[in-house]
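The values are calculated or read from the model by the stated rules, or taken from the named source; none is laboratory data. The structure presented is a predicted model; accordingly, all values stated were derived computationally and were not measured. We place every Cβ from the backbone using ideal geometry, glycine too, and count neighbours over all the protein chains shown.
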Amino acid sequence: MSYNSRPSNMERITTPELAEKFIAEQLDELRAQIGDKKVLLALSGGVDSSVVAALLIKAVGKQLICVHVNHGLMRKGESEQVIEVFRNQMDANLIYVDATERFLTKLEGVADPESKRKIIGSEFIAVFDEEKAKQSDIKFLAQGTIYPDILESAGVKAHHNVGGLPEELEFELVEPLKFLYKDEVRVVGLALGLPHSMVFRQPFPGPGLGVRCLGAITRDRLHALREADAILREEFANCGLAEKVWQYFIAVPDFKSVGVKDGKRYEGWPAVIRAVNTTDAMTATIEEIPYPVLHKIVDRITSEVDGINRVVFDLTPKPIGTIEWE
Ligand code: XMP
C-alpha cells in the first residue's frame, strides 16, 4: 500500500459525468503504467476489488488475471455472481478456485474465534500464492485499496482485515482507487456498468460466514446459516430494508434447543438476526425492523431451513456488542 495523500484539490466524484472523467484519466494512467505486461488481482466480489477489476478489464483486457478464491464461507450466490459478471458478461480472464474442502478441513474442530480468523487468513494467502506461482510473467499486483484504508493503516483505526494480502515486494502495485472514498468508488462502479447489487453490496468480512457460524464450523450448520442468511437478504430486499440498513446477517450458534415439529420433538439451532446502522463501524445502532417483517422471516427460516427451530433478534448496540458475533 502506498502512503501518499489525496490531492487537496481533487474534486469529489459524485455524478456519472465526474466518474467518466475519472475513468478516462485512469485508463490512460493504467495503460501507461502497465504497458503490455500482466496484472494479477485477488477478486473477492466485494465493491472495491470488483471496481478495480472492471477498471482494469477496460484498460488492459486479458492482461488482467483475476483470481477468485471461494473459501467455502461465501454467502449464497456470491461466487456465482462473480463468475457471471466477470467471466460471462465482461469476458475477463478469471481463475475460479473452489477451495471449500481445503478451508473447511483446516477449520474442523477449531472453536476459538481468533484461531479461526488466522486459519482463514493464512489459508487464503496460501491458495492465492499457489495460483500466483502457476502464472508466468506477472509484473503487477492490483489491489482494491481505497482512501479510508490508507487513513486507517496510518493509525486512525486498528484494521482487522485478515483476508488482506501481505505487503508485496515482488510485484509493483496497481491501486487505482487509492484516493477514493467509498461513495466515490460506488459512483465509478456504476459508471463502469457493474450491477447495482454488486456496487451497493453491504460490507462482508474477509473470513465471511466463518465468523457467523459460531464455534467449530460444521458443514450442516454452515449450510443452514447460508440458507437462513439468503432468506433474510431476500426479505430485506422485498421490503426496502436492504438499501437502508448498513449491515444485516444471520449468525448461528453451536448449540441446540428443544422444539416441536409435525407433532415430534425437534432439536435445532437458533438463527440470530443482526441488523445494524453505523457510519464508521466503530459504534452501531439497531435497525427497528417492523414486526410483520420479523414474523415473515421467522416463518420462512423455521419452515424452509433444515436444522433451525428458533429465530431471535439481537437488540444489542455496539458498544457493547461488536457487529459480528466473533
Ligand atoms: P465488529 O464485529 O468489530 O465489526 O464490530 C466491524 C466491521 O468490520 C467487519 N469485520 C471485518 N471485515 N475482515 C474484514 O474485512 C474481518 O476480519 C472482519 N471482522 C469484522 C464487520 O463485518 C463490520 O462491518
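A Cβ distance below 6 Å, combined with a sequence gap of six or more or placement on separate chains, defines the contacts here; from segment 274-292, residues that are touching a residue at least 12 places away in the same chain (Cβ under 8 Å) and of a type in the set (D, E, K, R) reach residues that are surrounded by 10 or more Cβ atoms within 10 Å (Cβ to Cβ) and not in a strand (DSSP E or B) in the pairs Arg274/Asp314; Glu287/Val245. Among the numbered criteria (1) crowded, with 18+ Cβ neighbours inside 10 Å; (2) out of contact with any strand residue (DSSP E or B) (no Cβ under 6 Å at 6 or more places or on another chain); (3) not small (Gly, Ala, Ser), which one does Lys296 miss? Result: Lys296 passes all but (1).
When Glu170, Glu184, Glu227 are checked against the criterion of being more than 15 Å from the ligand (Cβ to nearest atom), part of a helix (DSSP H, G or I), of a type in the set (Asp, Glu) and under 30 Å from Ser5 (Cβ atoms), Glu184 stands alone in meeting it.
With Asp280, Asp262 as the choices, which residue is within 16 Å of the ligand (Cβ to nearest atom), more than 21 Å from Glu101 (Cβ to Cβ) and surrounded by fewer than 20 Cβ atoms within 10 Å (Cβ to Cβ)? Criteria check complete, one pass: Asp280.
Is one or more of the residues making up segment 120-139 within 14 Å of the ligand (Cβ to nearest atom), farther than 30 Å from Ile13 by Cβ, surrounded by fewer than 18 Cβ atoms within 10 Å (Cβ to Cβ) and free of Cβ contacts under 8 Å to residues at least 24 places away in the same chain? Yes, because at least one residue in segment 120-139 is within 14 Å of the ligand (Cβ to nearest atom), farther than 30 Å from Ile13 by Cβ, surrounded by fewer than 18 Cβ atoms within 10 Å (Cβ to Cβ) and free of Cβ contacts under 8 Å to residues at least 24 places away in the same chain.
If I filter segment 199-222 down to residues being at negative phi and assigned to a helix (DSSP H, G or I), which single residue comes out as nearest to the ligand (Cβ to nearest atom)? The extreme case among them is Val211.
Test Asp48 against the criterion of being in a helix (DSSP H, G or I), over 30 Å from Ala216 (Cβ atoms) and modelled with pLDDT of 95 or more, and give yes or no. In short, yes. A Cβ distance below 8 Å, combined with a sequence gap of six or more or placement on separate chains, defines the contacts here; from segment 35-48, residues that are farther than 17 Å from Arg75 by Cβ reach residues that are surrounded by fewer than 18 Cβ atoms within 10 Å (Cβ to Cβ) and acidic (Asp, Glu) in the pairs Lys37/Asp137; Lys38/Asp137. Taken over segment 212-230, the criterion of being surrounded by 22 or more Cβ atoms within 10 Å (Cβ to Cβ) and β-branched (Val, Ile, Thr) is satisfied by Ile217 alone. Inside segment 51-78, can you point out the residues that are part of a helix (DSSP H, G or I) and not basic (Lys, Arg)? Within segment 51-78, Val51, Val52, Ala53, Ala54, Leu55, Leu56, Ile57, Ala59, Val60, Gly61, Gln63, Glu78 meet the criteria.
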